[in-house]
Amino acid sequence: MDSLVKKLVDSGCKLTKSRLAVCKCLSEAKLPISARQMHKKIGDFDQASIYRILNLFESKGFVKTEIINKEKFYCVQSKLHHHIICRKCGRIENFPCNHKFNKYKNFTDIDHQLTLYGVCGKCSK
């Protein structure tokens, strides 16, 4: 949570109770989390406020987003990683990213997103 709060302070954003609650929720989440899930977990703030905060965090580059089953999910990304999702039960697992995009002449600040889908071991039994 400290690194996310530091990024907020360094960018000149105010440390409101709702922003700190979203920081805490994002920092504790081991997997991507949706605004809806975050609202259920936090509960003290309306869902619109949580969406506004997440949009701010996304615009500042504090969080990465991913669309999973037509819903936007958010995560703090300390190390580059991707996700694999079970098509049957929805289980999500992280796996490291080993892609390096520093050899493209006409592009800078390259970002990418990769989501794999499969059937987890539990569902395949």
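The values are calculated or read from the model by the stated rules, or taken from the named source; none is laboratory data. A quick note: this is a predicted structure, and the numbers were derived from the prediction, not measured. Don't worry about glycine lacking a Cβ; one is built from the backbone with ideal geometry, like all the others, and counts go over all protein chains shown.
Quick check, is residue 62 under 13 Å from the mean Cα position of the chain (by Cα), surrounded by 16 or more Cβ atoms within 10 Å (Cβ to Cβ) and assigned to a loop (DSSP other than H, G, I, E, B)? Quick ask: steps written out before the conclusion?
Numbers: under 13 Å from the mean Cα position of the chain (by Cα): yes; surrounded by 16 or more Cβ atoms within 10 Å (Cβ to Cβ): yes; assigned to a loop (DSSP other than H, G, I, E, B): yes.
So residue 62 fits the description; yes.
Condition (residue is assigned to a helix (DSSP H, G or I) and over 25 Å from residue 3 (Cβ atoms)) applied to the range 40-54: is it met by at least one residue? Checked the range 40-54: at least one residue is assigned to a helix (DSSP H, G or I) and over 25 Å from residue 3 (Cβ atoms). Residues in the range 1-33 that are surrounded by fewer than 16 Cβ atoms within 10 Å (Cβ to Cβ) and of a type in the set (Val, Ile, Thr): 9, 16. Per this entry, residue 65 is counted among residues that are touching a Phe, Trp or Tyr at 6+ places or on another chain (Cβ under 6 Å) and among the polar types (S, T, N, Q).
Just one of the listed residues (99, 82) is at negative phi, modelled with pLDDT under 85 and assigned to a strand (DSSP E or B), and it is 82.
If I ask for residues that are touching a residue at least 40 places away in the same chain (Cβ under 8 Å) and either assigned to a helix (DSSP H, G or I) or under 26 Å from residue 92 (Cα atoms) (or both), which ones from the range 2-29 would you list? Can you show your working first?
Taking the range 2-29 and keeping what is touching a residue at least 40 places away in the same chain (Cβ under 8 Å), we get 3-4, 7-8, 11, 13, 26-27, 29.
Result: 3, 4, 7, 8, 26, 27, 29.
Is it true that some residue in the range 108-115 is more than 21 Å from the chain's Cα centre (by Cα) and over 21 Å from residue 72 (Cα atoms)? Checking the range 108-115: at least one residue is more than 21 Å from the chain's Cα centre (by Cα) and over 21 Å from residue 72 (Cα atoms). Number of residues in the range 94-109 that are under 15 Å from residue 32 (Cβ atoms) and either exposed (fewer than 11 other Cβ atoms within 10 Å of the Cβ) or without any contact (Cβ under 8 Å) to a residue 24 or more places away in the chain (or both) equals 2. Filter the range 34-46 down to residues that are among the aliphatic types (A, V, I, L, M) and either surrounded by 18 or more Cβ atoms within 10 Å (Cβ to Cβ) or at pLDDT 95 or above (or both), then give me how many there are. The qualifying residues number 2.
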